[in-house]
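First up is the structure itself, then whatever we jot down about it.
The values are calculated or read from the model by the stated rules, or taken from the named source; none is laboratory data. Everything quoted here is computed from the prediction, not taken from an experiment. Positions of Cβ are backbone-derived with ideal geometry, glycine not excepted, and every protein chain shown enters the neighbour counts.
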Amino acid sequence: MRHPGDKQRKNASKRRKNRGTHPAGRSEKKIFDITTNKTNSLGRPDRSIAPLGEVRKWLEEIGTPPPLPFKPDPFQLEALAALEFEDVLVTAPTGSGKTWIAREQIRRILESKGRAWYTSPLKALTNSKYQEFSDEFGPDQVGILTGDRKEHSDAPLIVGTTEIYRNQLFDSLRGGNEVRADLVVLDEAHYLADEDRGHVWEEAIILTPPRVRLLLLSATIGNAGEFAAWLAEVRGVRCGVVAGSGKRPVPLRAAFLLPDKRLIPLLNDSGKLNPEISQMADRARDDRDRSRAGRRW
């Protein structure tokens, strides 16, 4: 009599023999080679990533620029000169060097034994700037204040979230004291327009004493002149506008990860949505329409 387990053992043996030819069971499975466009063992391309030419074209001009001596851009020098006499709103694309302006002005303040605040809306950015300024000026010169971190709170340079700076202004009003600062940097100043948190920036600007110089940084303020005029009105201090080049120094490359795990450029050569993405979206919409029609019937 055949044992009930004989058939299972026989099938298992067949699976072990076939495993050497089935792509899913081969440890030496061939995959798509970006340098040669090889196919898998079934003779079909493995579409896990885009073909070489497509990816290479998408990555053009990305790399490390050659090392050159640092030379400030004219808008950076203009902003530093203006800060001697007035508040300054700097608008320049991301990567243009807005932080360099803040860092150099902070250096001037610290050298004259003054005090400064550097505020940002994000804890991650605040932590990053704290480390950056600690490396630049020395850890004994820099403190950090956020909702969950408090270090060296008596340092001449404090890096913190805008909410914490605003709270210190309220504390100063209640105690009858002035905030201990000669310069306040408001990074990401466009948060003034944020529906939920914008009032924090508005209150910080209005409550900052006129003797304290404000440096506001943003890459996305479109009505800089109007913004500066409002600042001057509420603070009684002239606010200059310094604009950097409209061209982004570090170009963006956008890609789209398809459901089949291929990575393709988001836009084609004419700047329009990649046709393959458009076709996929059209198919998905058609599938939804047919599904809804089927439910109705």
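Please note which helices (runs of 4 or more DSSP H) are completely contained in the range 189-297 and include at least 3 residues that are modelled with pLDDT under 80.
Here the list reads 275-296.
Within the range 109-124, take every residue that is charged (D, E, K, R) and at negative phi and give me the one that is surrounded by the most Cβ atoms within 10 Å (Cβ to Cβ).
Restricting to residues being charged (D, E, K, R) and at negative phi, the top hit is Arg115.
Suppose we filter the range 153-163 for residues that are touching a residue at least 24 places away in the same chain (Cβ under 8 Å) and either surrounded by fewer than 20 Cβ atoms within 10 Å (Cβ to Cβ) or not in a strand (DSSP E or B) (or both); how many remain?
Matching residues across the range 153-163 total 3.
Considering only the range 187-222, how many residues are of a type outside the set (Ser, Thr, Tyr) and over 22 Å from the mean Cα position of the chain (by Cα)?
Result for the range 187-222: 13.
Any residue in the range 181-207 that's touching a residue at least 40 places away in the same chain (Cβ under 8 Å): show its pairings with residues that are of a type in the set (D, E, K, R) at Cβ separation under 7 Å, as long as the two are six or more apart or on different chains.
Hits for this filter: Ala181/Arg115; Asp182/Arg115; Asp182/Arg213; Leu183/Arg213; Tyr191/Arg197; Ala204/Arg166.
Can you pull out every residue in the range 176-188 that is modelled with pLDDT of 90 or more and in a loop (DSSP other than H, G, I, E, B)?
Filtering the range 176-188 down to residues modelled with pLDDT of 90 or more leaves 181-188.
Selection gives Ala181, Asp182, Asp187, Glu188.
Six or more apart or on different chains, Cβ atoms under 8 Å: show the pairs whose first residue is in the range 106-123 and assigned by TED's automatic domain parsing to the domain that holds Leu217 and within 25 Å of Asp194 (Cβ to Cβ) and whose second is in a helix (DSSP H, G or I) and hydrophobic (A, V, I, L, M, F, W, C).
Final answer for the pair search is Ala116/Ile106; Ala116/Ile109; Ala116/Leu110; Tyr118/Ala102; Tyr118/Ile106; Tyr118/Phe133; Thr119/Ile164; Thr119/Ala204.
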